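The next block holds one structure in the form of structure tokens; read it before the comments.
The values are calculated or read from the model by the stated rules, or taken from the named source; none is laboratory data. Since the structure is predicted, the reported quantities are computational estimates derived from the model, not experimental observations. Please note: Cβ atoms are built from the backbone with ideal geometry, for glycine as well, and neighbour counts cover all protein chains shown. We work out accessible area using only protein heavy atoms, side chains counted, and drop any ligands, DNA or RNA first. Shrake-Rupley method; radii C 1.70, N 1.55, O 1.52, S 1.80 Å.
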Amino acid sequence: MKGSWRDRPSGSRFSRLWRPWVSLHPFRGQGRSINEPKPVGIRDLVAAPGDVKLRPERRWYVIGGFFFLLFLLLVARLYVLQIKDQKQSVSQVDALSLHVATIPASRGLILDRNGRPLVNNVTTVEIRLSRAEATLNPKIEGTLASLTGQSVTQIVRDLANQAYSPYQPAPILANAPANIVQFIKLHATEFPGVSVLDVSQRTYPLGSNVGSQVLGYVGPITSNEIKAHPGAGYQTDSTIGQSGIESFYEQYLRGHDGTSTIEVGATGNVIGTLKTTQPKVGDSVVLNIDGGLQEALDGILKADILHDRTVPDPRSGLLPAAINGAAVVMDVNNGAVLAMSSYPSYNLSSFVNGLSEAQFHHLLAVGAFNNYAIQGLYTPGSTFKLISATAEMQTGVLSPNVLIDDTGQFKVPGCHSNPKGCVFHDDETTGLGEVNLTSALTESSDYYFYNLGYLFWSQQAKYGQTPIQNVAHEYGLDQYTNIDLPNEVVGRVDSPKVRKVLHAEAPSSFPNVNWYTGDNIEMAFGQGTTALTPLALANAYATFANGGTHYAPEVAAAIVNAHGQTVLRYGPRVLGHVSLPPRVRNPILQGLEGVVMSPAGTAYAPFHANINFSLTNFPIAGKTGTASNGGVSKEPNSWFVGFGPTTHPKYVVLCVIEEGGYGANAAAPVVARTFNYLVAHPIGPVKLKRQLTVPTTTTTKAHSTSTTTTTTVPITTTTHK
């Protein structure tokens, strides 16, 4: 049979394998049984090479497909990086290699109403050291220390200061002397990484003690301040206005910082500067303040307080503590603040050159950082009688011509409690005799206003429970004045409602929650828990002087850019009105004129002793105030407020001295001497160099509750600071 094992050569490997099996098999040569299984060999398991078809292209298809898939993935990734996420990718790369350093902008100036700088800038030289170079050349720290006279420890500390960007040089020496600067420039190779930079610092042409609390100061920014101004561009090494005008008008004064884009290598070393954007100088703020008047008022207030501390009170024999004081001058016809002083004060240059910790704590302890004109709360005493008199005339509770017998002791009708709680004494215990409204103001009769407080309380059904407080509200005494200065506090006028609020806040300090007849009597002549800011009271008298228009006090007059162009003009802001027709105003005005002009007036003697002008040509009206501080060992608060000329009112001047003694003795001389300056140096209009013709805009201040309107002027006008 073809192909069977019998046909194979006898000597083959297969014949040797099969022969023994064949010889032993019982049916050798007789064929296989039908059920005998077919033998299986390796030949049947493995195909011969000739029988297999070669297909190498399949392997290449698999390998090629795999790499093609990788290629597609690579192309897709490149598409995402180069096209879809191109901006994000570039920014991520730049973030690793490019850093932006800030170039501080020079702050705008602060000018008085005549264009004279109250706050200016001076360029000084600052020596800086690159952190990268200091790391590469550690010896430079010692070399620089030897030249500048600083210790190596101090320089290392400056380099480690986290307030400065690690990719720009750290300040090492401010106000560098010219000889040191020149030496560095001539030996630049010896000072690798050391740079000399011109920087701008605040300077005060009229003196660093003039208008300190009003102008304010600039200081390093804090992390909380950076968080409070997101997106404003402040950096950890930025400075920011910390108080006064510097703070309130920060957005205009600060300007716009420039930038320097720096390329940084993989090891963190600075390779070079790629791009620089120059800073933009800040806008200047023109104030309503007159620089000469401000300087004079500061000096007058300080001298008076220091003198007051040395002269015993002629009545009590006590030496006044004269702890602090404030003085304000305003234009009664538009609310412009012409000068504002506060004492104790501080030297503005201290914040430029660096204030020591000891100096800081001393100023803090004496209260020098307070602007007492807007942050001091004082019991007003008899200066509050203007408010009670206005309420009397508006309601008609008592005719101004009715004579009241001032016996020196006012006994509350129908009072049967403790006798001490039923009787109120005049400061002049002998009494003034018969007085009407005009003479009661001129001679400051407490008895008259005791009686007025009693009349209002006994006729609640007709006049309501708070007629005097309502008038005080119209004058703005229990509200913010809306002045454009930070951290103003609000005064309070004693009332049943206020008494409950105070008791809830401090039960031990204000134990009496109920309101009695005696409380209304005390409130009517400016005692009790009434406490006012000097500015609010000055503004109330300004409102009376101009006939009833209640303006918001304005320190700033305009914003001017670096080219002298006026870009923002602040117009008067009317907050409300007080009804003062002639029948209401005239009797009160006559009484206030008598305070200064009549020999019986409480301020007659001090005014004539301190003025150097004629009261006939420049008549002045005013009111003294002597407010008890609630203790026999404490001198009263000393007040005086005056306005003039009464024929056509222009100025209101107020002074208060805490524990200064009688108003006529301490505060009145300050007002009189201030009028000396005003008469000799009349205040002219605000001088602005150039103007831009742009639309008028109107806004309101954040804590103002009134609405105002402005008229079209040839520059941008706003009622918001």
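Key figures for this structure:
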{"item": "Residue-span extension gain [Val490 to Ser628] - 0.36 nm each, minus C-alpha spacing", "result": "47.6 nm"}
{"item": "In sequence order, calculated HN-Hα J values of segment 550-559 (Karplus, 6.51, -1.76, 1.60; Hz; x Gly/Pro)", "result": "9, 9, 7, x, 10, 8, 8, 9, 6, 10"}
{"item": "Estimated distance in nm for a label pair at Ala178 and Leu69, the labels positioned 7 Å out from Cα along Cα-to-Cβ", "result": "7.9 nm"}
{"item": "FRET efficiency estimate (nearest 0.05) - Cβ-Cβ, His648 to Thr222, R0 41 angstrom", "result": "0.25"}
{"item": "Extension reserve of the Ala600-His229 stretch, reckoned as 0.36 nm per residue once the Cα distance is removed", "result": "127.8 nm"}
{"item": "Solvent-accessible area, 1.4 Å probe, carbon plus sulfur percent, for segment 330-409", "result": "50 percent"}
{"item": "For segment 564-579, 3J(HN,Hα) per residue [Karplus equation, 6.51 cos²θ - 1.76 cosθ + 1.60, θ = phi - 60°, Hz, x = Gly/Pro]", "result": "x, 8, 7, 9, 8, 10, 9, x, x, 10, 8, 9, x, 9, 10, 6"}
{"item": "Modelled FRET efficiency - R0 30 Å, Arg583 with Thr407, Cβ distances, 0.05 increments", "result": "0.55"}
{"item": "Ranked by how many other beta carbons lie within 10 Å on average, peptides 364-375, 57-68, 279-290 from highest", "result": "279-290, 364-375, 57-68"}
{"item": "Where chymotrypsin sites (Phe, Trp or Tyr not before Pro) fall in DSSP loop in segment 122-209, at most 15 other Cβ within 10 Å", "result": "none"}
{"item": "Residue-normalised accessible area of segment 296-423, given per residue in Å² at a 1.4 Å probe", "result": "41 Å²"}
{"item": "Neighbour net charge for Pro645 - beta-carbon separation under 15 angstrom, K R +1, D E -1", "result": "-1"}
{"item": "Computed label-point distance, nm, for sites Leu355 and Phe613 using a 7 Å Cα→Cβ extension", "result": "3.6 nm"}
{"item": "Separation of the Cys415 and Val311 label points, Cα + 7 Å toward Cβ, nm", "result": "3.4 nm"}
{"item": "Loop sites in segment 491-527: chymotrypsin sites (Phe, Trp or Tyr not before Pro), DSSP, at most 12 other Cβ within 10 Å", "result": "none"}
{"item": "Ser509-Cys422 FRET efficiency (beta carbon distance; Förster radius 25 Å; 0.05 resolution)", "result": "0.50"}
{"item": "³J(HN,Hα) computed for each position of segment 498-507 - Karplus, 6.51 cos²θ - 1.76 cosθ + 1.60, integer Hz, glycine/proline x", "result": "4, 4, 5, 5, 5, 5, 5, 7, 8, x"}
{"item": "Added length on full extension, which subtracts the Cα-Cα distance from 0.36 nm per residue, Tyr516 to Asn209", "result": "105.8 nm"}
{"item": "Probe 1.4 Å, protein heavy atoms only - accessible area per residue of segment 104-243 in square angstrom", "result": "49 Å²"}
{"item": "Amide H contacts under 5 Å for Asn288, placed H, 5+ residues apart", "result": "Ala556, Ala557"}
